[in-house]
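One structure below.
The values are calculated or read from the model by the stated rules, or taken from the named source; none is laboratory data. Just so we're clear, the structure is a prediction, and the values are computed from it rather than from any experiment. Quick reminder, even Gly has a Cβ in these numbers, built from the backbone with ideal geometry, and neighbours come from all protein chains shown.
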Amino acid sequence: MRALFHAALPGLALVLAASTAYAQQTLPEGFFGQFRGKLAVDDGTAEGDFTVVIRRTGRGFAVSWPPRISETFEPAGRPNVFKSVADGRILEGDPFYWARLDGKTLIVYAALIGEHGGYRIDNYTYTVSASDLDLVVRQVVSGAEPRTSKGRLERYGQ
Amino acid sequence: MASRRRNLRALTGAIILTAAMSGGAAAQDATIEDFFGTYVGNARIETAGEFRDIIVAIEPSRKGFSIYTSTVIRKGPVRAVPGVKWRSETQVFVRSGAHDFYEPMLRESMFAQRRTPDLLKGDTVAWASIRGQTLGVYAMNVLDDGHYELRVYERTLTDLGMDLRFIRYRDGMALRELEGVLARTKE
């Protein structure tokens, strides 16, 4: 029995180490799936449908959201920070994406500099709530006041 | 790659939106030459109850322009108090190759190699552009924990001289805001 226990220890340590590394490389289970709902601007000026799909990938996770954006994220070498696998050169006009995880909250960022130097930075904050996601979107756009939109996205698929 | 192309197509709308909101580069936009001059005035940070005495000098430089800013930081109406703080800086921007905006000039060195700044490696992305009568200077960072900070310095030409506005955003929230009025000095 003791021999069996000793034999199991290295395996247990391996499993623990692997699960710790796994936690840093991907998201908690509740984020994965398909979610949809209404998103409304705080000042009541606009409302629209929003669908997000979050799925596992080999080294991280992928997020798809409107209008037709799909980005794959992997660990960025900092705890709970993820970089897009597409190497966006922001000063060349490419959108630049990254994400960070804070407990039950995932924040996905999209930054863009237009050809005339105008900018737009969006952050999408998804918080797991029961089996759904609460979403807050903050937009900082050149020449405009910052805008916040909120909504609750219900799970409709795995 | 196909996915990347799709993303870029999807973002075209966002770019158009940004251009529309920022006014793009329109015929009525000021030119950088319109800003050349020296301006003096003061500013206030409402939330901190702090005041600033400010001098701004914008001058031509090779392929671009420089902005010198002198700032005296004071808590009350009197400037000559023990421990008064003063700082100054000069930023130099050059016309960016393919785009209608300016990038910071890098110090020239035989060892320096121009490379694309990487926000996730701690680099600052900075640029400057003119929208309408406003010269905007922007600096963006991604902090170690993944939050972003965007510092926006906007200088808008007025009949008197220049209005000044500074906002620091962190994850979309305005953390600090400064507004000031400067007069153009006579030569």
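For A:Y124, the conditions (1) more than 28 Å from B:R165 (Cα to Cα); (2) touching a residue at least 24 places away in the same chain (Cβ under 8 Å) all hold with the exception of (1). All conditions but one from (1) in contact (Cβ under 8 Å) with a residue 24 or more places away in the chain; (2) under 22 Å from B:P104 (Cβ atoms) apply to A:D87; the one that does not is (1). The residues of segment A:111-156 that are aliphatic (A, V, I, L, M), surrounded by 18 or more Cβ atoms within 10 Å (Cβ to Cβ) and closer than 14 Å to A:F32 by Cα, listed by number, are A:L133, A:L153.
May I ask you to list the residues in segment A:49-74 that are closer than 17 Å to A:G151 by Cβ and of a type in the set (G, A, S)? Within segment A:49-74, just A:S64 meets the criteria.
When the residues of segment B:79-109 are narrowed to those that are among the polar types (S, T, N, Q) and in contact with a strand residue (DSSP E or B) (Cβ under 8 Å, 6 or more places away or on another chain), which ends up farthest from B:A43 (Cα to Cα)?
Our first condition is that a residue be among the polar types (S, T, N, Q); within segment B:79-109, this holds for B:88, B:90-91, B:96, B:109.
Restricting the remaining residues to those that are in contact with a strand residue (DSSP E or B) (Cβ under 8 Å, 6 or more places away or on another chain) gives B:88, B:90-91, B:96.
Working: B:S88: 15, B:T90: 19, B:Q91: 20, B:S96: 31 Å.
Checked segment B:79-109; the qualifying residue farthest from B:A43 (Cα to Cα) is B:S96.
When only residues in segment B:78-94 that are touching a residue at least 24 places away in the same chain (Cβ under 8 Å) and loosely packed, with under 14 Cβ neighbours inside 10 Å count, which is farthest from B:I130 (Cα to Cα)? Step by step, filter segment B:78-94, then rank; the result is B:R79. Considering only residues in segment A:72-88 that are out of contact with any helix residue (DSSP H, G or I) (no Cβ under 7 Å at 6 or more places or on another chain), charged (D, E, K, R) and surrounded by 13 or more Cβ atoms within 10 Å (Cβ to Cβ), the one that is farthest from A:V137 (Cα to Cα) turns out to be A:R78.
Reported count of residues in segment A:128-158, each being out of contact with any helix residue (DSSP H, G or I) (no Cβ under 7 Å at 6 or more places or on another chain) and within 14 Å of chain B (Cβ to nearest Cβ), is 12.
Could you list, in sequence order, all residues of segment A:116-158 that are touching a Leu at 6+ places or on another chain (Cβ under 9 Å) and of a type in the set (F, W, Y)? Listed by number, the residues that qualify are A:Y119, A:Y124, A:Y126.
Taking segment B:55-114 and the strands (runs of 3 or more DSSP E) fully enclosed by it, the elements with 3 or more residues that are within 30 Å of A:G93 (Cβ to Cβ), at pLDDT 85 or above and of a type outside the set (D, E) are at B:64-74, B:85-95.
Within segment B:106-116, identify whether any single residue is exposed (fewer than 13 other Cβ atoms within 10 Å of the Cβ) and at the interface with chain A (Cβ under 10 Å from one of its Cβ atoms), and answer yes or no.
From segment B:106-116, those exposed (fewer than 13 other Cβ atoms within 10 Å of the Cβ) are B:106-115; that's our starting set.
Retained after the next criterion (residues that are at the interface with chain A (Cβ under 10 Å from one of its Cβ atoms)): none.
No, because not a single residue in segment B:106-116 is exposed (fewer than 13 other Cβ atoms within 10 Å of the Cβ) and at the interface with chain A (Cβ under 10 Å from one of its Cβ atoms).
Rundown of residues vs (1) in contact with a Leu (Cβ under 8 Å, 6 or more places away or on another chain); (2) within 14 Å of another protein chain (Cβ to nearest Cβ); (3) polar (S, T, N, Q), yes/no style:
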position: A:Q34; (1), (2), (3): no, no, yes
position: A:V41; (1), (2), (3): no, yes, no
position: A:G60; (1), (2), (3): no, yes, no
position: A:A76; (1), (2), (3): yes, yes, no
position: A:G88; (1), (2), (3): no, yes, no
position: A:E92; (1), (2), (3): no, yes, no
position: A:W98; (1), (2), (3): yes, yes, no
position: A:L106; (1), (2), (3): yes, yes, no
position: A:G114; (1), (2), (3): no, yes, no
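When the residues of segment B:18-54 are filtered to those that are modelled with pLDDT of 85 or more and in a loop (DSSP other than H, G, I, E, B), the one that is nearest to A:L112 (Cα to Cα) is B:D29. Of all residues in segment B:129-144, exactly one satisfies the criterion of being more than 7 Å from chain A (Cβ to nearest Cβ), over 19 Å from A:H116 (Cα atoms) and either of a type in the set (D, E, K, R) or part of a strand (DSSP E or B) (or both), namely B:N141. Looking across segment A:44-76, just one residue is under 15 Å from A:D122 (Cα atoms) and of a type in the set (D, E), and that is A:E71. Selection of segment B:155-187 for residues being over 26 Å from A:S149 (Cα atoms) and without any contact (Cβ under 8 Å) to a residue 60 or more places away in the chain yields B:T156, B:T158, B:D159, B:L160, B:D163, B:K186, B:E187. Only a single item in (1) free of Cβ contacts under 8 Å to residues at least 24 places away in the same chain; (2) more than 14 Å from chain A (Cβ to nearest Cβ); (3) of a type in the set (K, R) is not met by B:R62, and it is number (1). Residues that are basic (K, R) and either part of a strand (DSSP E or B) or within 14 Å of chain A (Cβ to nearest Cβ) (or both) were ranked within segment B:150-187; the one that is surrounded by the most Cβ atoms within 10 Å (Cβ to Cβ) is B:R155.
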